[in-house]
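Right, one structure below, let's go through it.
What follows draws every value from the coordinates through simple rules; no lab data is involved. This is a predicted model, so every value here is computed, not measured. Neighbour counts are summed over all protein chains in view; Cβ atoms, including those assigned to glycine, are modelled from backbone coordinates with ideal geometry.
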Amino acid sequence: MIEFNHVKKKYPDGTEAIKDISFRVDKGEMVTLIGPSGCGKTTTMKMVNRLIEPTSGEIYINDQRINGFNIHELRWNIGYVLQEIALFPHMTIEENIAVVPEMKKWKQKDIQKRTSELLDMVGLEPSTFKKRMPRELSGGQQQRIGVIRALAADPDIILMDEPFSALDPISREQLQQDIQSLQKEIKKTILFVTHDIDEAMALGDRVCLMKGGEIVQFDKPQDLILQP
Ligand code: ADP
Ligand code: ADP
């Protein structure tokens, strides 16, 4: 689980990006974070893996304060899917997926097995795709690899920052469905940033609506009160 307790973030130039937020994402729950550009979504997400340090307040993962972890240990346990497709261009698909498992010193046999499992989960034939280079894949296929790479070493937490925003509408819809069926299987604790309200409602067990550095609603999709 992820918990924020009275977290604030003021940037050095004085911008109060996060005013005072407290929330909890339960174990196995997917929360979508939505709100207008500049409302603090990315700042919130990046505080979880300590790419950004809060000015005050506490952040917990599985009931432990994140400052207590060694930074590598923390980040190995948090899969991170970025907005821009960020595969290593000079590595094959299987090498891309193996990066974190190798850092964690998994056995080659286990990495191979895991890679095939993950490719199957998103409908990419392992024997065809393992040896390909990222440039030989479509945008949608590359972003699927981005998603499964984040899952490779079986992290407890997944952060996704507008992972579909660079995709065409059809790939986007397919990937949304992939994430939904993946989540049914893996039940990870996921924080998912989007600026698309339909996406937020479709994917989130709960939706966190932010505005001006504050949380204005945090509810199940069917309970949200949407203002025009
Ligand atoms: P969102 O992801 O919702 O678009 P951000 O978290 O990126 O919002 O930004 C929240 C606010 O903090 C915005 O006003 C943004 O301009 C500001 N901000 C983000 N990063 C920095 C930074 N490094 N220095 C100063 N202000 C920043
Ligand atoms: P996103 O669209 O994902 O919210 P942004 O365009 O807001 O991303 O920010 C991209 C990067 O620029 C981030 O690393 C953020 O911290 C930084 N940034 C955003 N706003 C500012 C700002 N006002 N001053 C300095 N850095 C900023």
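In whole angstrom, and with the biggest value first, how far do the Cα coordinates of region 60-150 range along each principal axis?
42, 31, 24
State the percent of C-alpha pairs, over all pairs in region 70-112, separated by a distance greater than 15 angstrom.
Summing the P(r) of region 70-112 above 15 Å gives 51 percent of all pairs.
Can you give the Rg to Rh ratio for the chain, taking only C-alpha atoms and Rh from Kirkwood?
0.97
Can you check what the net charge comes to around K107, using other residues whose Cβ is under 13 Å from the Cβ of K107 (Lys, Arg +1; Asp, Glu -1)?
Details: positive: K104, K105, K109, K113, R114; negative: E102, D110.
Combined, the nearby Lys, Arg, Asp and Glu give +3.
Roughly how many debye, to the nearest 20, is the charge dipole of the chain about its Cα centre, given +1 on each Lys and Arg Cβ, -1 on each Asp and Glu Cβ, and no other charges?
640 debye
If I fit a long axis through the Cα atoms of helix 93-103 and take the longest principal axis of the Cα atoms of the chain, what angle between them do I get, 0 to 90°, rounded to 10?
With rounding to tens, the tilt is 60 degrees.
Any chance you could give the angle, 0 to 90 degrees and rounded to 10, that helix 169-186 forms with the longest Cα principal axis of the chain?
Helix 169-186 and the main axis of the chain meet at about 90 degrees.
Here is the link list: K10/K220; K109/K187; K27/K187; K131/K187; K41/K187. Which ones come out longer than 19 Å on Cα distance?
Check vs 19 Å cut-off fails for K10/K220; K109/K187; K131/K187; K41/K187.
Using +1 on the beta carbon of Lys and Arg, -1 on that of Asp and Glu, and nothing else charged, what's the dipole of region 1-98 about the Cα centre, debye to 20?
Working: 11 positive and 13 negative charges, 63 e Å.
Computed about the Cα centre, the dipole is about 300 debye.
Q174: net charge of surrounding residues, Cβ under 14 Å, Lys/Arg +1, Asp/Glu -1, itself excluded?
Charge balance near Q174 sits at -2.
For the chain, what is the percent of antiparallel DSSP beta bridges, rounded to the nearest 5?
50 percent
For a test of the definition: using alpha carbon positions, the gyration tensor, and the 1.5 limit on a/c, classify region 168-228 as rounded, prolate or oblate.
Prolate.
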